[in-house]
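Novice: Sharing a structure below in structure tokens format, with a few things to ask.
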Amino acid sequence: MSIKPIIPAVRTENITYAVRDIIVLANEVAKTGKEMLYLNIGDPNIYDFAPPKHLVEATYKAMLENKNGYAPSSGIKEAIKSIEGEANRKGIDNVLDIFVTTGASEAIDIALTALVNQGENVLTPTPGYPLYTAIASKLMMMENPYYLDESNNWQPNIEDIKSKINDKTKAIILINPNNPTGSLYSVDVLNQIIELALKHNLVIFADEIYDKLLFDGKKHTSIAALNKDVSCITFGGLSKNYMVPGFRIGWGVVSGRQEILKDYIEAMNKILRSRLSANHPEQFGVAPCLEGDQSHLVEANEKLTKRRNMTVDMLNAIPGISCVKPEGAFYAFPRLHMKHSDNHFVAELIKETGVVVVPGTGFGQVPGTQHFRLVFLPNEQILEKAYNNIGEFYQKYLDKYGN
Ligand SMILES: Cc1ncc(COP(=O)(O)O)c(C=O)c1O
């Protein structure tokens, strides 16, 4: 019998997910018995964060009441109504459609699948969240990366965006607050992006999954609220703001002009119907979350502010590392001022110190620059130890390999 391997589809060739890929090495190191300090996964629940109790209770009650069948394809009406209320509170009052999905990830996947043909392109932030690259590969669409400007608090570089738009560009993706940099976009930058979107008939994909995790009294502005004519899908969900990434509940809110968006909305709904529904009982947690007690956020943001301050102070004190101060989410994207690849640096760091971070290469960056992404969700003791380890290790690394 001849043995012929099963050949996977070409579309999977470029799919990488640096955040999880690094785990393979971390697991090998952990097996040696080394103490590991995990600063790599954006999951609040593996650290000292928990969801509000009323969310868990509402879900449990729905399960007991046997809301365990399929949900409507776009989501249960209680959830949709409350997501619309939330959009209105953020100033988005021209909502055309709302759909509840298996995490914001599925909403993003559906919105891109319904919009972009093979060979067309979407402007994606660099650095940015690797999910977009994975979906781009799957759809065999072109990524059209634009840079975030580190010297300007990681704001999108408008001139770079302008220079990258071409006649095959269908959309622009914004992650605000940002993963991996933690930056929050200024209203001025958002308005300039709206102008470009209107001029070139682009759909704005506003990934606002971290919009309630904010520091220093900062306010988040939804780009969709700034202009009624611009075509926008705002993505949100329970994963981060309400600390239940395992529930897999997210959504997309479509806003803009009906006559421009109606065919696109129907195309998304065709896909929504074909995949049946998102998790059903978990959808009963949406309204209690969005309309109920928000005190867990006050607590979470206080903790995160302390940890963010510590992160920025300790990393900026290390010669050869600089770190822009994050204003939201729970990530920082410090720069390593050296010539070696951040992949090499991070692999050595994990092996030597057990500190697990993700190489900047996994998120994209300006060529010739090196970074790593860390999550400042762990408690102060863990962070202090990790940053001390990074400082000591970096000096040794540069002594060994030169800078
Ligand atoms: C920017 C961004 N968008 C979307 C997601 C995925 O969210 P969800 O868990 O709702 O699928 C993440 C998760 O880390 C993220 O960082």
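Novice: Is it the case that the stretch 338-352 has a residue that's in a loop (DSSP other than H, G, I, E, B) and more than 24 Å from residue 397 (Cβ to Cβ)?
Specialist: Within the stretch 338-352 (the criterion being in a loop (DSSP other than H, G, I, E, B) and more than 24 Å from residue 397 (Cβ to Cβ)), the answer is no, since none of the residues qualifies.
Novice: Then there is this: When you go through (1) open to solvent by 30 Å² or more (accessible area, probe 1.4 Å); (2) over 19 Å from the mean Cα position of the chain (by Cα); (3) not polar (S, T, N, Q) one by one for residue 212, which number turns out not to apply?
Specialist: (2)
Novice: Against the conditions (1) in contact with a strand residue (DSSP E or B) (Cβ under 8 Å, 6 or more places away or on another chain); (2) surrounded by fewer than 24 Cβ atoms within 10 Å (Cβ to Cβ); (3) of a type outside the set (Asp, Glu); (4) farther than 18 Å from residue 147 by Cβ, where does residue 351 fall short? Just the number, please.
Specialist: Among (1) in contact with a strand residue (DSSP E or B) (Cβ under 8 Å, 6 or more places away or on another chain); (2) surrounded by fewer than 24 Cβ atoms within 10 Å (Cβ to Cβ); (3) of a type outside the set (Asp, Glu); (4) farther than 18 Å from residue 147 by Cβ, the lone unmet condition for residue 351 is (1).
Novice: For the stretch 358-384, what are the residues that are in contact (Cβ under 8 Å) with a residue 24 or more places away in the chain, part of a loop (DSSP other than H, G, I, E, B) and among the small types (Gly, Ala, Ser)?
Specialist: 364
Novice: Follow-up question, since we're still on this one. Those residues that are open to solvent by less than 50 Å² (accessible area, probe 1.4 Å) and touching a Ser or Thr at 6+ places or on another chain (Cβ under 7 Å), I need them from the stretch 276-311; list them, please.
Specialist: 277, 278, 281, 282, 284, 285, 286, 287, 290
Novice: Looking at residue 217 and the list (1) within 15 Å of the ligand (Cβ to nearest atom); (2) small (Gly, Ala, Ser); (3) without any contact (Cβ under 8 Å) to a residue 24 or more places away in the chain, which single condition is not satisfied?
Specialist: In the conditions (1) within 15 Å of the ligand (Cβ to nearest atom); (2) small (Gly, Ala, Ser); (3) without any contact (Cβ under 8 Å) to a residue 24 or more places away in the chain, residue 217 misses (1) alone.
Novice: Output the residues belonging to the stretch 86-115 that are away from the ligand (no atom under 16 Å from the Cβ), among the small types (Gly, Ala, Ser) and open to solvent by 20 Å² or more (accessible area, probe 1.4 Å). Working first, answer last.
Specialist: Residues of the stretch 86-115 away from the ligand (no atom under 16 Å from the Cβ): 87-97, 114-115.
Those left that are additionally among the small types (Gly, Ala, Ser): 87, 91, 114.
Of everything in the stretch 86-115, those that are away from the ligand (no atom under 16 Å from the Cβ), among the small types (Gly, Ala, Ser) and open to solvent by 20 Å² or more (accessible area, probe 1.4 Å) turn out to be 91, 114.
Novice: Six or more apart or on different chains, Cβ atoms under 6 Å: show the pairs whose first residue is in the stretch 242-256 and in contact (Cβ under 8 Å) with a residue 24 or more places away in the chain and at positive phi and whose second is among the hydroxyl-bearing types (Ser, Thr, Tyr) and assigned to a strand (DSSP E or B).
Specialist: 248/102
Novice: Another question about this same structure. Show the residue pairs meeting these rules: Cβ distance below 6 Å; 6+ apart or different chains; first residue within the stretch 71-88 and more than 19 Å from residue 273 (Cα to Cα); second residue assigned to a helix (DSSP H, G or I) and not acidic (Asp, Glu).
Specialist: Cβ pairs passing all conditions: 82/286; 82/287; 82/290; 86/290.
Novice: Further question on the same structure: Quick one: residue 361 ticks every box in (1) under 18 Å from the mean Cα position of the chain (by Cα); (2) under 23 Å from residue 214 (Cα atoms); (3) open to solvent by 50 Å² or more (accessible area, probe 1.4 Å) bar one, so which box is it?
Specialist: Here residue 361 meets the rest and fails (2).
Novice: Separate question: Taking the residues in the stretch 116-128 that are more than 18 Å from the chain's Cα centre (by Cα) and surrounded by 19 or more Cβ atoms within 10 Å (Cβ to Cβ) as candidates, determine which candidate is farthest from the ligand (Cβ to nearest atom).
Specialist: 121
Novice: It is to be established whether one or more residues within the stretch 187-194 are open to solvent by 40 Å² or more (accessible area, probe 1.4 Å) and hydrophobic (A, V, I, L, M, F, W, C).
Specialist: Checked the stretch 187-194: at least one residue is open to solvent by 40 Å² or more (accessible area, probe 1.4 Å) and hydrophobic (A, V, I, L, M, F, W, C).
Novice: If you don't mind, another one. Does residue 252 qualify as being within 16 Å of the ligand (Cβ to nearest atom) and either modelled with pLDDT under 95 or part of a helix (DSSP H, G or I) (or both)?
Specialist: Considered against the rule, which asks whether it is within 16 Å of the ligand (Cβ to nearest atom) and either modelled with pLDDT under 95 or part of a helix (DSSP H, G or I) (or both), residue 252 comes out as no.
Novice: Here's something else I'd like to know. Might you check whether a residue that is of a type in the set (Gly, Ala, Ser) and under 30 Å from residue 333 (Cβ atoms) occurs anywhere in the stretch 62-78?
Specialist: no
Novice: Which number in (1) in contact with a helix residue (DSSP H, G or I) (Cβ under 7 Å, 6 or more places away or on another chain); (2) open to solvent by 70 Å² or more (accessible area, probe 1.4 Å) marks the one condition that residue 399 misses?
Specialist: In the conditions (1) in contact with a helix residue (DSSP H, G or I) (Cβ under 7 Å, 6 or more places away or on another chain); (2) open to solvent by 70 Å² or more (accessible area, probe 1.4 Å), residue 399 misses (1) alone.
Novice: Among all residue pairs at least 6 apart or on different chains, which show Cβ distances below 8 Å where the first residue, located in the stretch 102-119, is farther than 18 Å from residue 76 by Cβ and without any contact (Cβ under 8 Å) to a residue 24 or more places away in the chain and the second is part of a helix (DSSP H, G or I) and open to solvent by less than 40 Å² (accessible area, probe 1.4 Å)?
Specialist: 118/139
Novice: On to the next question. Among the residues of the stretch 153-182, write down those that are surrounded by 17 or more Cβ atoms within 10 Å (Cβ to Cβ), in contact with a Gly (Cβ under 8 Å, 6 or more places away or on another chain) and farther than 19 Å from residue 330 by Cβ.
Specialist: Correct list: 173 only.
Novice: Here's a follow-up. Which one is farthest from residue 386 (Cα to Cα), of the residues in the stretch 321-339 that are over 20 Å from the mean Cα position of the chain (by Cα) and either open to solvent by 30 Å² or more (accessible area, probe 1.4 Å) or free of Cβ contacts under 8 Å to residues at least 24 places away in the same chain (or both)?
Specialist: Of everything passing the filter in the stretch 321-339, 339 is farthest from residue 386 (Cα to Cα).
Novice: So the check is Cβ under 6 Å with 6+ separation or different chains; which pairs have a first residue in the stretch 1-28 that's more than 19 Å from residue 375 (Cβ to Cβ) and a second one that's modelled with pLDDT of 85 or more?
Specialist: Once the first residue is more than 19 Å from residue 375 (Cβ to Cβ) and sits in the stretch 1-28, its partners that are modelled with pLDDT of 85 or more give 11/137; 11/138; 11/140; 14/137; 15/134; 15/137.
Novice: Among what's in the stretch 68-81 and is assigned to a helix (DSSP H, G or I) and either acidic (Asp, Glu) or surrounded by 19 or more Cβ atoms within 10 Å (Cβ to Cβ) (or both), pick the residue that is nearest to the ligand (Cβ to nearest atom).
Specialist: 79
The values are calculated or read from the model by the stated rules, or taken from the named source; none is laboratory data. Keep in mind it's a predicted model, so treat the numbers as computed, not measured. In this analysis, Cβ positions are derived from the backbone assuming ideal geometry, glycine residues included, and neighbour counts consider all displayed protein chains. With ligands, DNA and RNA removed, areas are computed over all heavy atoms of the protein, side chains included. Shrake-Rupley method; radii C 1.70, N 1.55, O 1.52, S 1.80 Å.
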